[in-house]
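A short write-up of the structure that comes next.
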Amino acid sequence: MRTRTKVAAVGAAIAVLTVGVAPLISGAADHLEAPLAKAHHDLDITDIYAFDGANSKNTVLVIDVNPFAGTATNTGTKFSTDGEYRFNVDTDGDYAADDIYTVTFGSNAPDGKQSLTLWKNGSAVVSGKTGNASIGGGAKVYAGLRDDPFFFDLVSFRAWRDPDGDGAFTYTGSTTFAGIDTFRGANVSAIVLEIPDSWLGSSANFWGSTLLGGNVIDRMGKPALATVFVNPFGGDSDKDAYNQTAPEDDVTAWGGLFTAVENVFYGAGSPYPAAITGLLLPDVLHLDVANLGKSTGTGFTGGAGGILNGRTLAEDVIDLELIVVTGGLAGTPVVATDGVGANDVAFPGSFPYLAPAH
Amino acid sequence: MTSPSPARSRTSLRRTESEGPRLGSVRSLGGDPPGSADNHMMGRTHHLADATGQPAGGVAVPGAYIAPGAYIAPGALASQRPEPQVRATRVGPPRVIAFLVVAMLLAAGSYIAPVIRDAVFGPSVAPPSKSVLALPGEATSPDGGLPTAERIAFWTKRVSEQPADDLSWLQLAALYSQQGRLHVDLDAYARALDAANHALAIAPKYPPSLAVRASILFATHDFAGAEAGARAALVNNPRDPSARAILGDALLELGRAADAAAEYDAIADVAGGPSLDIRRARLAYVTGHADDALALARKALEGASGGLDTASATSDPVELAFYQAALGEYARLSGDAATADVAFRAALVLRPDDLASRIGLARVSAAAGDLGSAIRLLDEAAAIAPLPEIEALLGDLHTLRSEGAAADAAYGTVRLTAQLSELAGTVFDRQLVLFDLDHGSASAAVLTRARAAFATRPDAVGRDVVGWALHRLGREDEAWAASEAARATGIVDARILFHAGAIAVARGDAATGAALLEQALELGPALDPLDRAEAEALLGRR
């Protein structure tokens, strides 16, 4: 049952894939979404990850921004100098941040690098510059252009969901996916933070957010929730509001919508929708710190409570989502896999964990 | 591929005293363009090149876009000037032509609103003002990233690996379009259109693909197609300000200023800022509010420079140069030579290869009587991209200095433009018609071309060109009617006023003619030198 529940947790996100008229390339993960995020590629969160460090006494938290950095039109490779990149950590289970690790960036140096500073609750922990590991105050931080660890055949997915591209999802395309990773060769601007497990305690909740001028531009916890569930039938009118909701308010603000979306797949009488909503919201990654990194995406060995426990780089969240969303909880899924089971390049296994940029 | 630069070859044909600026790097767009088999223009270009014995292939032009207001094809030379009789000794088409020609895109607002930043990522977006409609960077993004040619190579590889990937085709379309705009390169637009068509063959109703295609059609002067395309994009994504901006742009070129204004107004809340201000500047100009146009251009520049709010500011010198050039052009068109001079020079500091500023500065210099500087600037501009506008003006200045051979060489380049490709003939239709009318080639056939140009772009300038063709054929009453129709739009434009005055004089209404000619002359640098000379001759001053 634990396995089954876990699938539901991850998978609900995939409802996204099916129901939402979400911005496309974002498809599954949050690769571009709300108006504000979309207008600021350098503050547009694509994914967040949380996994065990190479030193198992440490935990690694990652925020990726800027999809197809430097190759898509109008994208650069720099971090915002006006914005803030926040790793929000709730250590007491009330879904309000108890510790906020913020990374800020300065303008380009002559060598093309940006200065950066890691702050914990407003106090500087360590400073450095992009492209290098900066170590100090018990933390290690890296920011720079890296390979996008996300993998998904978004092209086949789109062709299945919405063959003519008009935004009305018909699911009339081929269910046999080409198995080509749409994010192959793609880079993101990554911020990797490694901190002692003790800073998190045994159990914590983690979400990423970006801010500009005090306004939240984007936030992310579990993969693709906003993409899937918010404005599920088109448009983007609620996406900024979703991003600007504090996780502690998620259930109240968005629970009804999430369940309604799930009802589309499971039927109003099914027990699944409410259960899935309860697992998905608040939209944070739960960290069972001692068991981080043991969820591989092939077995559902998540931590306490059977929910998604952190997110490793290699975890195939898309397959999990496809299984759940396309009927896997009740029988045979329509689509069990996108045919992409791994990233296009190997992960180095040591800090900063993401592969070098292409 | 290291073909000699057009500038050098051209110089060898036409002058020996100096060389134009070296052109930039060898064109390398990542191998064969996608769908190159369909790329007729490319083939034609190579054919021309081969015919001259010159190496085929192009050279990347460190080029420019054209400032608003440049829509007034300036090759217009006032008098029925006799064709220069001296032929330059030339063995073939000027080498300049061997490279892809050049599009002075659009005049009016060749800013192809980038849809593009959102193109790949989804239709449902209403981005805030900042760079929604902003101009893309040139070689590299100001905040890093690959040069455009390498981005094109990246997405080209992807479509070769997965031809069903419409999002990658869309990226290609957007990048080629960006390249076309910045480098004044019609061939890049042909590739852009081909890529957009591939994307739409896969997902025919995807709004971003429709919007990008509309922007390409606009850039290549298929305004009706751009309008239809933008409307199609808006069907499933009505809140997309980029598509709506393209719709407004197309409507403006189709002579529907009020409709264009409504579209611009509709996006003001979500996409206000420099890119909208500069569109509204053109709207103001074509409706006869030159002062407002100048004020809006100034506001756009301030916004882009960060003077209004930092959210609209840009650090991209190419983008800033665009706004400086636009300010210069609206200043020139309203007769403010001093402001124009400062703005054009500022643009050239920001972007030395800024074509529009070089042309504008040449006009300002010529109006001030400094023909030598004007010729030098135009030679430099022609080395970047030998647009018919540039070559025609260059020929006229040489004519004024009684340099027949040099004038003839420049005029020869203008005539070859239309032969380059169907697309070149379309994009430069008005410039070429005016050139023929003012260089001894008026005929019923040219009138037919003028009317065809008007049919595709039924605005004030289109009416004026038809009127001018009728005038050259001696059909003065019809000419006057067309001229009146042009001025009824409200536009106050030096060349249109000059044409009207000349027609009035030809009809025997000397008083009306003199008043109109005086009005045109008062606009100073807005009136090109030979137009000025003819106006003064008609007033009995020469």
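The values are calculated or read from the model by the stated rules, or taken from the named source; none is laboratory data. Bear in mind that the values here come from a model prediction, so they are computed numbers and not experimental data. Please note: Cβ atoms are built from the backbone with ideal geometry, for glycine as well, and neighbour counts cover all protein chains shown. For the accessible areas, the whole protein counts, side chains as well, though only heavy atoms, and no ligand, DNA or RNA atoms are used. Shrake-Rupley method; radii C 1.70, N 1.55, O 1.52, S 1.80 Å.
So what's the net charge close to B:I359: Lys and Arg +1, Asp and Glu -1, counting the other residues with Cβ under 14 Å from its Cβ? Each step should come with its number before you reach the end.
On the way: positive: B:R332, B:R345, B:R351, B:R358, B:R363, B:R376; negative: B:E329, B:D341, B:D353, B:D354, B:D379, B:E380, B:E389, B:E391, B:D396, B:D528.
Result for the neighbourhood of B:I359: -4.
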Considering amide H positions built from the backbone, and no H for Pro or chain starts, which residues 5 or more places from A:Q114, or on another chain, come under 5 Å of its amide H? A:A109, A:T130
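Quick check on packing: order B:524-534, B:183-193 by the mean number of other C-beta atoms within 10 Å, highest mean leading. Please list the in-between numbers first.
Values: B:524-534: 24.4, B:183-193: 27.5.
Those peptides, ordered most packed to least, come out B:183-193, B:524-534.
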For A:S237, the accessible surface traced by a 1.4 Å probe with all protein chains present amounts, in square angstrom to the nearest 10, to 80
Using a 10 Å cut-off on Cβ to Cβ distances, tally the other chain neighbours for every residue of B:239-251 and report the average as a whole number. 0
Run the quick spin-label model on B:V235 and B:E536: label points 7 Å from Cα toward the beta carbon, then report their separation in nm to one decimal. 5.7
Less than 15 Å Cβ to Cβ from A:V126, Lys/Arg counted +1 and Asp/Glu -1: what total charge do the surrounding residues give? +2
Label point distance in nm, B:V349-B:A268, each placed 7 Å from Cα along Cα→Cβ: 3.3
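Enter the mean number of other protein chain beta carbons within 10 Å of the beta carbon of each residue in A:72-85, as an integer.
On the way: counts 16, 23, 16, 8, 8, 6, 5, 1, 1, 1, 2, 0, 0, 0.
Across the residues of A:72-85, the mean count of other-chain Cβ atoms within 10 Å is 6.
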Kindly write out, for region B:391-401 in residue order, the coupling ³J(HN,Hα) from the Karplus curve 6.51 cos²θ - 1.76 cosθ + 1.60 (θ = phi - 60°), rounded to whole Hz, with x marking Gly and Pro. 5, 5, 5, 4, x, 5, 5, 5, 4, 4, 9
Packing rank of A:90-98, B:260-268, where each peptide gets the mean count of other beta carbons within 10 Å, highest leading: B:260-268, A:90-98
Along region B:441-455, what does the Karplus equation 6.51 cos²θ - 1.76 cosθ + 1.60 (θ = phi - 60°) give for ³J(HN,Hα), rounded to whole Hz, x for Gly and Pro? 10, 5, 6, 4, 5, 5, 4, 4, 5, 4, 5, 5, 4, 5, 4
Can you give the accessible area of B:S160, probe radius 1.4 Å, in Å² rounded to 10? 90
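Using a 1.4 Å probe and counting only protein heavy atoms, arrange B:E380, B:E518 so the residue with the most accessible area comes first. Don't jump to the answer; show the numbers that get you there.
On the way: B:E380 40, B:E518 60 Å².
The ordering from most to least exposed comes out as B:E518, B:E380.
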When you count, for each residue, the other Cβ atoms within 10 Å and take the mean per peptide, how do B:446-455, B:383-392, B:295-304 rank with the highest first? B:383-392, B:295-304, B:446-455
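Report, as an integer, the average count of C-beta atoms from other chains found within 10 Å of each Cβ along A:157-166.
On the way: counts 0, 7, 5, 0, 0, 3, 4, 7, 15, 10.
Averaged over the peptide's residues, the number is 5.
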A:S123 and B:E484 label points (each 7 Å along its Cα→Cβ direction) are spaced in nm at 8.4
With just the Cα atoms defining each centre, how far is region B:229-265 from region A:37-73? Give it in Å. 36
Karplus-derived 3J(HN,Hα), 6.51/-1.76/1.60, for each residue of region A:318-324, Hz, glycine and proline x: 5, 4, 4, 5, 4, 4, 5
